[in-house]
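Notes for the one structure printed next.
The values are calculated or read from the model by the stated rules, or taken from the named source; none is laboratory data. All of these numbers come straight from a predicted model, not from anything done at the bench. Using ideal geometry, Cβ is built from the backbone for each residue, glycine included, and neighbour counts are taken over all protein chains shown. For accessibility, only protein heavy atoms count, side chains too; no ligands or nucleic acids. Shrake-Rupley method; radii C 1.70, N 1.55, O 1.52, S 1.80 Å.
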Amino acid sequence: MDSPFGLLAELTYRCPLACPYCSNPLNMAGYRDELALDEWRRVLAEAGDLGVLQCHLSGGEPLLRRDLVEIAAAAHDLGLYTNLVTSAVGLSRPRAERLRAAGLDHVQISIQADEAAVSDRIAGIPSFRRKIEAMRLVKELGWPLTMNVVLHRHNIDRVADVLTLAEEVGADRLELANTQYYGWAWRNRAALLPSRAQLDAAEVVVRAARERLRDRMDVIYVISDYYSRYPKPCMGGWASRQLTVTPNGDVLPCPAAQSLPLPRASVREDSLARIWAESPVMNAFRGTDWMPEPCRSCFRREVDFGGCRCQAFLLTGDAARTDPVCHLSPDHHLVAGAVEAANTGSRAGDPALVPRPHRARRPDRIPRGSG
Amino acid sequence: MTAMDATSTGTTRAGTRTGPGVEVCGSDRPLLARHVRLTFCRTRQRRILLHPETVVVLNGSGAAILELCDGRHTVAEIVTELGTRYRAVPGDEVRRFLTRLVARRWMELTDG
């Protein structure tokens, strides 16, 4: 067993946005008892001891944590490369300056489209202008900026304009990530999955832009795995390189794994090191011993690790099946059927998008040790 | 800084070159890009190169090269220094290593 390299610290699932592709869990109410600052400090220190080198401060919207600057400072002081993953709603100049002084290394800002009306409709609130202002502020303060755009049926046709916008704001990296179907995105899959023609057109644009921009911007394109022959090497293997801590202190190999019927492990009850090494949730699908056929005898078993356990569970009800995205999976028809539906019928018949709730609720009670 | 600036790697230093297709020559003075950090991992007892989405665990000579990439040492000086420390690391290998880092925009080159 190796040491983990990265910690995804999900500080809160509260968010001012209501994106229908959100990967946060559907039962967000179960995560209101958020870890307090002192608890995060301990988790970060334990993560550093365990070998974690990168810390992604995420959510929900991490800026809704009043103690975000203190959390970022704690991560930085431990020597972790610290990345803020944010909608940028709430990133005022004073807040940004305090985060810069605290040692935050990098900022990733999501935007929903290249244009205000579309972006705001997808986000569920007027946010486009504030996001653009925040991106300029991030550059002005000297941070490297990643712009992140989740692609789906309702915005993928605009990818050329998204690239232009990323250039205009001076993004150092642009992540164009096709939607992964977990959480709210799973619920909205039929409305979000693009057609093959849409994907083909987008990929032509992205390839050309990559060549054109190669001296000044990294363009990362995350493919739509539903259209792939083989599954993605999810997380570089189950509990192999990264771990996630949810707002209430649950430890998972990835944020989507909360949907799996596995025993909970919490930083409120055990040390991160023991959870990483010994907990049932971490060991459930480590290595290759758990694999069924066709993975077990497949030459790619150490390439894609059987794909995504959460996707296998969502599609088949059994997390130990081969990821049905794989064309060799006996369950592949489940993916093929969704793809077929996305490529037939008229746009007028599209199912409606269900937004995730976006009230920026305060926790029911003040977290212990906060303030 | 404008988006058309050739050094939009998260740094605003003037007179730098980076990106694919840039050849490293002996008089260049390499410097790690600002969004990349060289650190030491106690758990692994190895030098590490950190980037927003990537971690590189360095071997001894890789770490030695990067520690000399401070914007003052030239590539030629780094090659000479490595030659005294590691007999088995030829200059071509040092230049290839640096070229790969420049291509990924993790390293900038200043000359003069």
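Mean residue ellipticity at 222 nm, helices only, chain A: -9500 deg cm²/dmol; runs of at least 4 DSSP H residues each add -39,500 (n - 2.57), and the sum is divided by the number of residues.
Quick one: if you take sqrt(5λ) for each eigenvalue of the C-alpha gyration tensor of chain A, what semi-axes come out, biggest first, whole angstrom?
Values: eigenvalues 175, 155, 74 Å².
Rounded to whole Å, the semi-axes are 30, 28, 19.
Counting Lys and Arg as +1 and Asp and Glu as -1, what is the net charge of the other residues whose Cβ lies under 13 Å from the Cβ of A:Val138? Before the final figure, lay out the partial values.
Details: positive: A:Arg93, A:Arg95, A:Arg100, A:Arg130, A:Lys131, A:Arg136, A:Lys139, A:Arg173; negative: A:Glu97, A:Asp105, A:Glu133, A:Glu140, A:Asp172.
Residues close to A:Val138 contribute a combined charge of +3.
Taken across both chains, chains A and B shield about 2400 Å² of accessible surface from a 1.4 Å probe. In this structure the protein assembly as shown gives 41 Å² per residue of accessible area when probed at 1.4 Å with all protein chains present.
One quarter of the convex hull surface built on the alpha carbon atoms of segment A:234-344 amounts to 7.5 nm², the projected area averaged over directions. Summarising the amide proton neighbourhood of A:Trp238: residues at separation of 5 or more, or on other chains, whose placed amide H is nearer than 5 Å comprise A:Gly287. Residues of segment A:173-218 buried by at least 50 Å² of accessible area upon assembly of all protein chains, compared with the chain on its own (1.4 Å probe): A:Arg173, A:Arg214, A:Asp215, A:Arg216.
Overall, the accessible surface of segment A:234-344 at a probe of 1.4 angstrom is composed of carbon and sulfur to the extent of 52 percent. Taking a ≥ b ≥ c as the square roots of the Cα gyration tensor eigenvalues, segment A:127-214 comes out oblate, since a/c reaches at least 1.5 and a/b does not exceed b/c.
For segment B:29-110, carbon and sulfur atoms together expose 47% of the accessible surface, with a 1.4 angstrom probe and every protein chain in place.
Rounded to the nearest Hz, the phi-derived 3J(HN,Hα) couplings of segment A:2-10 under the Karplus curve 6.51 cos²θ - 1.76 cosθ + 1.60 (θ = phi - 60°) are 8, 7, x, 8, x, 10, 9, 9, 8, where x marks glycine and proline.
Which order do you get for A:Leu315, A:Leu192, A:Leu78 if you rank them by accessible area with a 1.4 Å probe, largest at the top?
Working: A:Leu315 25, A:Leu192 0, A:Leu78 75 Å².
Correct descending sequence by accessible area is A:Leu78, A:Leu315, A:Leu192.
Over all distinct Cα-Cα pairs of segment B:29-110, the Kirkwood formula returns a hydrodynamic radius of 12.8 Å.
Here the Karplus relation 6.51 cos²θ - 1.76 cosθ + 1.60, evaluated at θ = phi - 60°, turns the backbone of segment A:159-176 into coupling constants of 5, 5, 5, 5, 4, 4, 4, 4, 5, 4, 7, x, 4, 7, 9, 10, 9, 9 Hz, with x for every Gly and Pro.
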